[in-house]
Amino acid sequence: MHGRQQASERGWPVTRKRWPKAVLLTSVVALGAGGVTVAAQGLGGSDNPAASRPDRAAPATSAVSRSNLSASTLMPGELGYGEPVTVEGRMPGTITWLPGPGTTVSRGQKLYEVDTQPVSLMYGSTPMYRDLKQGVEGPDVEQLNSNLRALGYEAPDSDEYTWQTTAAVRAWQEKKEMKETGEVKKGQILFTAGAVRVAGLEAAVGGPATGKILTRSDQVKSVSVSLEIKDRDLVKKGAKVDVLLPGGRTVAGTVKQVQTVIPPGDDGPQGGGQGEKPKTKVAARIEIADQKALTDLDAATVDVKFTKATAEQALSVPVTALVALTDGGYGVEAVENGTVRRIPVKIGLFAQGRVEITGDGLREGMNVVVPQ
């Protein structure tokens, strides 16, 4: 009786049903390349909201908080200038000048020289597949006219190689100290989507100007990620991601390109056995706006954080605050005025060691019991 009186003075109820055998709740929260497993252990028992604890010492608690939850996963990626593309010479002659690796070449600048004549870079999607001269027309002529205008020459806004185009080409050739023919020979211009970076050299000065000359890559650094086909939903064009750099720095990135890569078939090793066929992959290219943050890194292995799901302004508690109820479902034990009462809850998103919960009687700032 004396012991019961002391417990009553502490404000804690002195009677409760004995807890049945403990029940284990496990939730996997994808926070790393392999995932992180977080286990919450709760004691089964009556799910009566008025159920109480007989503990004589105040239990450890954590507050119910309201915030944006984000479940994410980390995937390895490679920082670099993208996959190099080989540039092949189309003009007969001898290479008389080559740029150094790492050189950036923009519209109107020379990429290399053949017989002291420059092979220039211009922007466009149609490759140069023929000689361009007065009287021809087509998308290649239209992009030539567009480039000449961008460089300050008076070329027509059309897909026709007119006398105006001829005059603009002569003016361009004069400025570049080229032979002023008014025509552009096949291979005299390389059309690309934008400025390029010289990744490496495939030929040498004095060598033939046909065949492999150099390799080019993107001008800016980006991140390439290869994923399993089952993770296709993680990468969507335009999605925002975080890129974790060596040393702990984080920069923002945007998914700019997503491709499904189907490898060629594999007949397996020789000798009659069958080898495992290459798997279809998803390749994503991530653009980094803050190029200054990458100044000290030309190539590096990085981690990319992809968001799997979000819950905005959700009530959440530590995963370990969940208890399993005897008739199914889960609850939390709220501490109010020195009394512990159980509140049944519905669980939602698991993220960052917390779980989204909803239920009658829940409110932000409420304290719930967590295991010590």
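None of the figures in this text is laboratory data; all of them are computed from the coordinates on show. From a predicted model like this one, the values you see are computed outputs, not experimental measurements. Quick reminder, even Gly has a Cβ in these numbers, built from the backbone with ideal geometry, and neighbours come from all protein chains shown.
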Give me L132, L244 ranked fewest to most by other Cβ atoms within 10 Å of their Cβ, as a rough exposure proxy. L244, L132
With θ taken as phi - 60° and the coefficients 6.51, -1.76 and 1.60, list the Karplus ³J(HN,Hα) couplings across region 76-88 in order, rounded to whole Hz; mark glycine and proline as x. x, x, 10, 8, x, 9, x, 6, x, 10, 7, 9, 10
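Do you know the relative contact order of region 85-218, to the nearest whole percent, from alpha carbon pairs under 8 angstrom that are 6+ apart?
38 percent
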By the C-alpha gyration tensor axes a ≥ b ≥ c (rounded if a/c is under 1.5, else prolate when a/b exceeds b/c, else oblate), the shape of region 176-316 is oblate
Would you mind classifying region 85-218 by shape? Square roots of the alpha carbon gyration tensor eigenvalues, ordered a ≥ b ≥ c; an a/c under 1.5 is rounded, otherwise it is prolate if a/b is larger than b/c and oblate if not. prolate
Please arrange W97, W172 by how many other C-beta atoms lie within 10 Å of their C-beta, fewest to most. W97, W172
Using only Cα atoms, locate the centre of region 215-261 and the centre of region 123-139, then give the distance between them in Å, rounded to an integer. 34 Å
Would you mind counting up the charge near R197? Only other residues with Cβ under 11 Å from its Cβ, with Lys and Arg at +1 and Asp and Glu at -1. 0
Pairs to check: K175/K292; K237/K292; K185/K237; K176/K256; K186/K237; K185/K212. Give those whose C-alpha atoms are more than 27 Å from each other in this structure. K175/K292; K185/K237; K176/K256; K186/K237
Cβ-derived FRET efficiency at R0 41 Å, T339 paired with T295, nearest 0.05: 0.10
Residues whose modelled amide H sits under 5 Å from the amide H of E88, counting only those 5 or more places away in sequence or on another chain, are I213
Most exposed to least, judged by fewest other Cβ atoms within 10 Å, R341, R249, R285, R232 sort to R249, R232, R341, R285
Charges only on Cβ, +1 for Lys and Arg, -1 for Asp and Glu: so what's the dipole of region 85-218 about the Cα centre, in debye to the nearest 20? 380 debye
List the residues whose amide H sits under 5 Å from the amide H of A155, counting only those 5 or more places along or on another chain, with H placed 1.01 Å from N in the peptide plane. R149
Residue-ordered couplings for region 100-117, obtained by feeding phi - 60° into the Karplus form 6.51 cos²θ - 1.76 cosθ + 1.60 and rounding to whole Hz (Gly and Pro as x), are x, x, x, 5, 9, 10, 10, 3, x, 8, 7, 8, 6, 10, 10, 6, 6, 9
Based on alpha-carbon centroids, what's the gap between region 71-119 and region 296-344 in Å, whole number please? 50 Å
List the lysines whose Cα lies under 28 Å from the Cα of K346, skipping any in the same chain that are fewer than 8 positions away. K17, K21, K305, K308
Looking at T165, T181, V141, which one has the Cα that reaches farthest to the positive end of the dipole of region 133-189 (charges on Cβ: Lys, Arg +1; Asp, Glu -1)? T181
Net charge, L74 excluded, C-beta distance under 13 Å - Lys, Arg +1, Asp, Glu -1: -1
Vicinal HN-Hα couplings computed from phi for region 197-205 (Karplus, 6.51 cos²θ - 1.76 cosθ + 1.60; Hz; Gly/Pro x): 10, 6, 7, x, 10, 10, 9, 10, 4
Amide H to amide H, which residues 5 or more places from N367 or on other chains are under 5 Å from it, using H placed in the peptide plane? V64, V335
